[in-house]
Amino acid sequence: MPSRAVLVLTGPPAVGKSTTAHALAAARERCAVVDVDDVRQLVVSGGAAPWDGAEGLRQQRLGVVNACALASTFAAADIDVVVADVLTPATVGTYRALLEDVVVVHLTVTLEEAWRRAATRTVWLTDDEFVALHRADAATGLGADHALDVTGLALTEQVAAVDALWAEPRRHAPPRSGTMEPDER
């Protein structure tokens, strides 16, 4: 079993989930990154965004289930795992139900900082979707193990802060259930 729990990084667009995941993985002896956007884009024909009604929600859940399968396979091979995904209370519940040992870190950033960061990379969202995802992220209680405001942090500082949270001993494991419903915390 890997030395650490599966780390799930969540937060709104341009908070640095993927960049942080790759930097953390590069610093480990053996570590895989599962970017759930990449998993969802495996549906080439008929793909739907999570906000595209019932089909979008179905594909969102399928992406999480597949990400958990990948993470479990890597963990069973003694490879640490970092997952990058935009979570909802329902998907947090799915991760907790399907992964034996998981730490969820919710990264937050101001909208202004997110726009600044987004200007340095390709953004696949419309401006309205970008803002809507930030508002939805701020409005939900995810039940993450840790919340970290990364506004104003350089990448090295952000990575170090997340790594410290990932290394923290678990005080208590969140309850696992046989269902994949949202956390009731």
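The values are calculated or read from the model by the stated rules, or taken from the named source; none is laboratory data. Just so it is clear, the structure is predicted and the values come from calculations on it, not from any experiment. Backbone-built Cβ (ideal geometry, glycine too); neighbour counts: all protein chains shown.
Restricted to the stretch 68-84, and to residues there that are farther than 20 Å from Ala167 by Cα and out of contact with any Phe, Trp or Tyr (no Cβ under 8 Å at 6 or more places or on another chain), the residue that is surrounded by the fewest Cβ atoms within 10 Å (Cβ to Cβ) is Thr73. Name the residue that is modelled with the highest pLDDT, counting only residues in the stretch 106-157 that are touching a strand residue (DSSP E or B) at 6+ places or on another chain (Cβ under 8 Å) and part of a helix (DSSP H, G or I). Checking each candidate, the answer is Asp137.
Residues that are within 19 Å of Val105 (Cα to Cα) and either in contact with a helix residue (DSSP H, G or I) (Cβ under 8 Å, 6 or more places away or on another chain) or part of a strand (DSSP E or B) (or both) do occur in the stretch 72-80, at least one of them. Candidates Pro169, Pro174: the one that is surrounded by 16 or more Cβ atoms within 10 Å (Cβ to Cβ), assigned to a loop (DSSP other than H, G, I, E, B) and modelled with pLDDT under 75 is Pro174. Filter the stretch 81-109 down to residues that are more than 11 Å from the chain's Cα centre (by Cα) and among the polar types (S, T, N, Q) and give me whichever is nearest to Leu153 (Cα to Cα). Among those that are more than 11 Å from the chain's Cα centre (by Cα) and among the polar types (S, T, N, Q), it is Thr108.
Filter the stretch 24-46 down to the residues that are part of a helix (DSSP H, G or I) and in contact (Cβ under 8 Å) with a residue 40 or more places away in the chain, then identify the one that is nearest to Ala160 (Cα to Cα). My answer is Leu24.
Which condition number does Val8 fail, the rest of (1) of a type in the set (Val, Ile, Thr); (2) at pLDDT 95 or above; (3) touching a Ser or Thr at 6+ places or on another chain (Cβ under 7 Å) being met? Only one criterion in (1) of a type in the set (Val, Ile, Thr); (2) at pLDDT 95 or above; (3) touching a Ser or Thr at 6+ places or on another chain (Cβ under 7 Å) is unmet by Val8, namely (3).
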